[in-house]
Amino acid sequence: MQGIIRALSNRFFRKNGQFNRNCGRHTLWPGHRNYHPGLVNQVGIRTKTVLVSAVLALTFHAVLLSDLIFSGTGQNLSILNVASLISFIISLFMSVAMVKTRIWFLLPVVYSFAAINLSAAAFVPTAFITHLEHNPKLLIHISLALFSYSTLSIGALYALQLAWLDHKLKNKKALTINPNLPPLMMVERQLFNIILIGTGLLTATLITGFVFVQDMFAQGKAHKGILSLMAWIVYSVLLWGHYQKAGAAKKSHGLQSRAPHFSRSLTLAVAL
């Protein structure tokens, strides 16, 4: 009886174009190539619609943020404006990555934080006026700090995604996850590539800070340098352990799933 039901089910799927035995994957709607699966179900996500919406949102974000930062007397680099700028950079990178990788689990988090930071910067105005046009060296240092923080924050998001996928697999819930979500090994490889780039940018940030910023460890500034240096040590040890002990997969996996999330808090001073 079970064999008859299985044969009828396979015949039904083949007849309606919903199962492709050659490629071994499910196709649940016509023109499926223009869609990506949902996070925990088979509801299609229109890639082009999401991408167009993201481009429009990023455009409005950039216009409003430029009005908030570039005032008539200089640059307003308040905490809320800097946080909104970091959110814009992260959203931009993730939107570009959306074209080639499946990061649907991360996009709602990224876009939500970007909207919250921009709303806070717009409706809770604060001021910290600087004149970077008179100090290009400091501008280089701040730019590197912003990009390094943004890159390492993306790495933290990838670590969360990796931990979520790993949790589902370990609890034997792989069937509840859409089969077209990114493979675990690919996410891990991308994670360490991102951490490597972010650590390089953080290294450049520390070097330019020592060279261009006067009294980097003076009173009122020491905590920024110390926390940034601690973050650099954590990420450097993480990368060293990953590349030197690649054979110890279990130990390396435990490090990469926890250390980026922990050390992310240590790099808060980088963008300030």
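The values are calculated or read from the model by the stated rules, or taken from the named source; none is laboratory data. Not measured: the values here are computed from a predicted model. When we count neighbours, we look across all protein chains shown, and the Cβ atoms used for this are built from the backbone with ideal geometry, even at glycine. Keep in mind that these areas ignore ligands, DNA and RNA; they rest on the heavy atoms of the full protein, side chains included. Shrake-Rupley method; radii C 1.70, N 1.55, O 1.52, S 1.80 Å.
Which of the following residues is surrounded by fewer than 18 Cβ atoms within 10 Å (Cβ to Cβ), at pLDDT 90 or above and over 12 Å from the mean Cα position of the chain (by Cα): Ala120, Ala127?
The conditions single out Ala120.
If Ser153 satisfies every condition in (1) in a helix (DSSP H, G or I); (2) among the hydroxyl-bearing types (Ser, Thr, Tyr); (3) at pLDDT below 85 but one, which is the exception?
(3)
Quick check on my filter: what residues within the range 181-229 are among the polar types (S, T, N, Q), farther than 20 Å from Leu146 by Cα and without any contact (Cβ under 8 Å) to a residue 60 or more places away in the chain?
Answer for the range 181-229, where residues must be among the polar types (S, T, N, Q), farther than 20 Å from Leu146 by Cα and without any contact (Cβ under 8 Å) to a residue 60 or more places away in the chain: just Gln219.
Would you please name the residue that is surrounded by the most Cβ atoms within 10 Å (Cβ to Cβ), looking only at residues in the range 53-77 that are of a type in the set (Ser, Thr, Tyr) and within 23 Å of the chain's Cα centre (by Cα)?
Per the criteria, the residue is Ser53.
Could you check Phe217 against (1) more than 18 Å from Ser143 (Cα to Cα); (2) open to solvent by 40 Å² or more (accessible area, probe 1.4 Å); (3) modelled with pLDDT of 85 or more and say which number it fails?
(3)
Out of Ile140, Ile129, Ile79, I need the residue that is over 20 Å from Leu160 (Cβ atoms), touching a residue at least 12 places away in the same chain (Cβ under 8 Å) and touching a strand residue (DSSP E or B) at 6+ places or on another chain (Cβ under 8 Å). Which one?
Of Ile140, Ile129, Ile79, the one residue that is over 20 Å from Leu160 (Cβ atoms), touching a residue at least 12 places away in the same chain (Cβ under 8 Å) and touching a strand residue (DSSP E or B) at 6+ places or on another chain (Cβ under 8 Å) is Ile129.
Would you pick out the residues in the range 78-111 that are open to solvent by less than 20 Å² (accessible area, probe 1.4 Å), among the hydroxyl-bearing types (Ser, Thr, Tyr) and within 11 Å of the chain's Cα centre (by Cα)?
Matches in the range 78-111: Ser87, Ser91, Ser95.
What number goes with the only condition from (1) closer than 30 Å to Pro136 by Cβ; (2) modelled with pLDDT of 55 or more that Arg264 does not pass?
All conditions are met except number (2).
Mind checking which residues of the range 190-214 are surrounded by 15 or more Cβ atoms within 10 Å (Cβ to Cβ) and among the β-branched types (Val, Ile, Thr)?
Once the filter is applied, which keeps residues that are surrounded by 15 or more Cβ atoms within 10 Å (Cβ to Cβ) and among the β-branched types (Val, Ile, Thr), the range 190-214 yields Ile194, Ile195, Ile197, Thr199, Thr203, Thr205, Thr208, Val213.
Does the range 127-134 contain any residue that is in contact with a helix residue (DSSP H, G or I) (Cβ under 7 Å, 6 or more places away or on another chain), of a type outside the set (D, E, K, R) and assigned to a helix (DSSP H, G or I)?
Yes - at least one qualifying residue is present in the range 127-134.
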